[in-house]
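Inspection log for the structure reproduced underneath, given as structure tokens.
The values are calculated or read from the model by the stated rules, or taken from the named source; none is laboratory data. Note that this is a predicted model, so its numbers are computed, not measured. Here the Cβ positions follow ideal geometry from the backbone for every residue, glycine too, while neighbour counts run over all protein chains shown. Accessible surface areas use protein heavy atoms only, side chains included; no ligands, DNA or RNA. Shrake-Rupley method; radii C 1.70, N 1.55, O 1.52, S 1.80 Å.
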Amino acid sequence: MNKLEKMNDEHHAETFSSKILKWFNQHGRTHLPWQQQITPYRVWVSEIMLQQTQVSTVIPYFLKFMSAFPVLEALAGASIDDVLFYWSGLGYYSRARNLHLAAQKLQTLYPNELPKEVEQWVQLPGIGLSTAGAIVSISFDLPAIVLDGNIKRVLIRHFLLPGYPEQAALKKQLYSIAATLLPQLNGRNYSQAMMDLGAMICTKREPKCTECPIQTNCQAYIQHLQTQYPMVKPKKPIPKLSAKWLILLNKHHEILIQKVIDLKLWNQLWVFPEWPADKTMKDMRIQCQVNTLLILKKLPVFRHHFTHFSLDIEPIFAFTEDQLSKIEQNQQWDSTQWRWVSLNQPIHLGMPLPVKKLWVQLVQTDLSSIRHQAIKEAIQ
DNA sequence: AAATCGGGGAA
DNA sequence: TTCCCAGATTT
């Protein structure tokens, strides 16, 4: 840096953060739902929803969630079934369970006003360092470090940092760099600006470097390596699994659903009884605690994709002649785990998306005609 | 350090 | 199809 540049640097102070903030004032997003009526509660909920989930997906969920639980007290006082109902289809359901739990903790620990320290927020379930930084900076307009996927990409390219973003060493390096860049003022806009820059300009594919406010200092751009960074970790092939789902209809035109308990996937959500390949029909009958079980129709197999595996689902439509009372007399019966639900009235319970979709399909189907048809065929 | 958790949307 | 997105938690 020559003398003139140094003088210019000192007097006009075109720092990293000032360029970012200036860009944000002209191009940043300011009309997202959680950017209106900013409160720590609303910011917190939005940040949890936005973990691993794109903005456009989150918006309708955020609006409905806020209508149902407008303030912390409403969320803390709600049932987990109710919370999961509003989360249904959004995925990563542990986020909703942690959100609910954290709401209750917050109410106890901070009855008057929510905390302003990152250290206090990270102690709550579901809140890591980055999310805590986002909550504090955006809620209170304080300086706090956010390091989401977007910001990591901006910094990795800008400083041409080698390694995978998942690696602890790189993460540590990123926090250190982020701390030196963090301005003492405009914490809210700076956090938002960095995220917007990553989402709108410094995109994964085809970054719009010519529109970037920090283009001239970006090492990746200077060396034409912007598409090579961040480095991509090699991925493993995903396994394919299959399962059968039992859609059991009773005499009262109700369907049997089961609450998933103590499983890693879809814990506490309501699903159709699942039938693993190694189980017999008798096992299924026992599992569902019914004496009679008549298979009416096998519905077409459909595939559901997860990040780490795919699942082929074969829905089996069946009928039981058991009286409802008989089933409920069973000592094993637990109404918190099993429920007969009428197809006609919408259920206020959490269901994962493939269950939700199948449910909608069933509502539109004339089940009794299928039942009569199947019985007729059986007789012939 | 690696695995795990869901679903949407872009290309 | 494949990849990845405002990550955190468990193993």
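Inside region A:329-359, can you point out the residues that are out of contact with any His (no Cβ under 8 Å at 6 or more places or on another chain), within 16 Å of DNA strand B (Cβ to nearest atom) and either among the aromatic types (Phe, Trp, Tyr) or not in a loop (DSSP other than H, G, I, E, B) (or both)?
In the first step, residues of region A:329-359 are kept if they are out of contact with any His (no Cβ under 8 Å at 6 or more places or on another chain); the result is A:329-339, A:341, A:345-352, A:355-359.
In the following step, the residues that additionally are within 16 Å of DNA strand B (Cβ to nearest atom) were identified as A:347, A:349-352, A:355-359.
Those that are out of contact with any His (no Cβ under 8 Å at 6 or more places or on another chain), within 16 Å of DNA strand B (Cβ to nearest atom) and either among the aromatic types (Phe, Trp, Tyr) or not in a loop (DSSP other than H, G, I, E, B) (or both): A:VAL355, A:LYS356, A:LYS357, A:LEU358, A:TRP359.
Among the residues that make up region A:200-215, is at least one of them touching a strand residue (DSSP E or B) at 6+ places or on another chain (Cβ under 8 Å) and either within 16 Å of DNA strand C (Cβ to nearest atom) or of a type in the set (Lys, Arg) (or both)? Full working, then the answer.
Filtering region A:200-215 down to residues touching a strand residue (DSSP E or B) at 6+ places or on another chain (Cβ under 8 Å) leaves none.
Scanning region A:200-215, I find no residue that is touching a strand residue (DSSP E or B) at 6+ places or on another chain (Cβ under 8 Å) and either within 16 Å of DNA strand C (Cβ to nearest atom) or of a type in the set (Lys, Arg) (or both), so the answer is no.
Regarding A:ALA96, is this residue within 14 Å of DNA strand B (Cβ to nearest atom) and over 20 Å from A:MET49 (Cα atoms)? Can you show your working first?
Details: within 14 Å of DNA strand B (Cβ to nearest atom): yes; over 20 Å from A:MET49 (Cα atoms): no.
Here the answer is no, as A:ALA96 does not meet what is asked.
Would you pick out the residues in region A:360-380 that are open to solvent by 100 Å² or more (accessible area, probe 1.4 Å) and not in a loop (DSSP other than H, G, I, E, B)?
Hits for region A:360-380 are A:HIS372, A:LYS376, A:GLU377, A:ILE379.
Any chance you could count how many residues in region A:103-126 are open to solvent by 70 Å² or more (accessible area, probe 1.4 Å) and either among the basic types (Lys, Arg) or within 16 Å of DNA strand B (Cβ to nearest atom) (or both)?
2
Tally time: how many residues in region A:13-64 are open to solvent by less than 50 Å² (accessible area, probe 1.4 Å), among the polar types (S, T, N, Q) and more than 16 Å from DNA strand B (Cβ to nearest atom)?
3
I'd like the full set of residues that are at negative phi and modelled with pLDDT of 90 or more, limited to region A:261-271.
Pass one, region A:261-271, residues at negative phi: A:261, A:263-265, A:267, A:269-271.
Scanning region A:261-271 gives A:LEU265, A:ASN267, A:LEU269, A:TRP270, A:VAL271.
Show the residue pairs meeting these rules: Cβ distance below 8 Å; 6+ apart or different chains; first residue within region A:80-105 and in contact (Cβ under 8 Å) with a residue 12 or more places away in the chain; second residue among the charged types (D, E, K, R) and more than 12 Å from DNA strand B (Cβ to nearest atom).
A:TYR86/A:LYS64
Is there a residue being open to solvent by 70 Å² or more (accessible area, probe 1.4 Å) and of a type in the set (A, V, I, L, M) anywhere in region A:196-212? Walk me through it before giving the result.
Filtering region A:196-212 down to residues open to solvent by 70 Å² or more (accessible area, probe 1.4 Å) leaves A:204-206, A:208, A:210-211.
Retained after the next criterion (residues that are of a type in the set (A, V, I, L, M)): none.
Within region A:196-212, none of the residues are open to solvent by 70 Å² or more (accessible area, probe 1.4 Å) and of a type in the set (A, V, I, L, M).
From the set of residues in region A:127-165 that are of a type in the set (D, E, K, R) and open to solvent by 10 Å² or more (accessible area, probe 1.4 Å), which is nearest to A:VAL232 (Cα to Cα)? Break it down into steps so the answer makes sense when it comes.
Restricting attention to region A:127-165, the residues satisfying the condition of being of a type in the set (D, E, K, R) are A:141, A:148, A:152-153, A:157.
Those left that are additionally open to solvent by 10 Å² or more (accessible area, probe 1.4 Å): A:141, A:148, A:152-153.
On the way: A:ASP141: 34, A:ASP148: 16, A:LYS152: 13, A:ARG153: 11 Å.
My answer is A:ARG153.
List the helices (runs of 4 or more DSSP H) that sit entirely inside region A:145-255 and contain at least 3 residues that are at pLDDT 95 or above and of a type in the set (A, V, I, L, M, F, W, C).
Values: elements: A:149-158, A:168-181, A:187-196, A:219-222.
Filter on region A:145-255 gives A:149-158, A:168-181, A:187-196.
Go through region A:300-316 and give me each residue that's open to solvent by less than 40 Å² (accessible area, probe 1.4 Å) and part of a loop (DSSP other than H, G, I, E, B).
Result: A:PHE306, A:PHE309.
Can you confirm whether region A:317-338 contains a residue that is charged (D, E, K, R), under 28 Å from A:VAL301 (Cβ atoms) and open to solvent by less than 60 Å² (accessible area, probe 1.4 Å)?
Keep residues of region A:317-338 that are charged (D, E, K, R), which gives A:321-322, A:326, A:328, A:334.
Then drop every residue that is not under 28 Å from A:VAL301 (Cβ atoms), which leaves A:321-322.
Filter once more, keeping what is open to solvent by less than 60 Å² (accessible area, probe 1.4 Å): A:322.
Checked against the condition, which is being charged (D, E, K, R), under 28 Å from A:VAL301 (Cβ atoms) and open to solvent by less than 60 Å² (accessible area, probe 1.4 Å), region A:317-338 yields at least one hit.
So which residues in region A:252-293 are open to solvent by 30 Å² or more (accessible area, probe 1.4 Å), of a type outside the set (A, V, I, L, M, F, W, C), away from DNA strand B (no atom under 16 Å from the Cβ) and without any contact (Cβ under 8 Å) to a residue 40 or more places away in the chain, if there are any at all?
Residues satisfying the conditions are A:ASP278, A:LYS279, A:THR280, A:LYS282, A:ASP283, A:ARG285, A:GLN287, A:ASN291, A:THR292.
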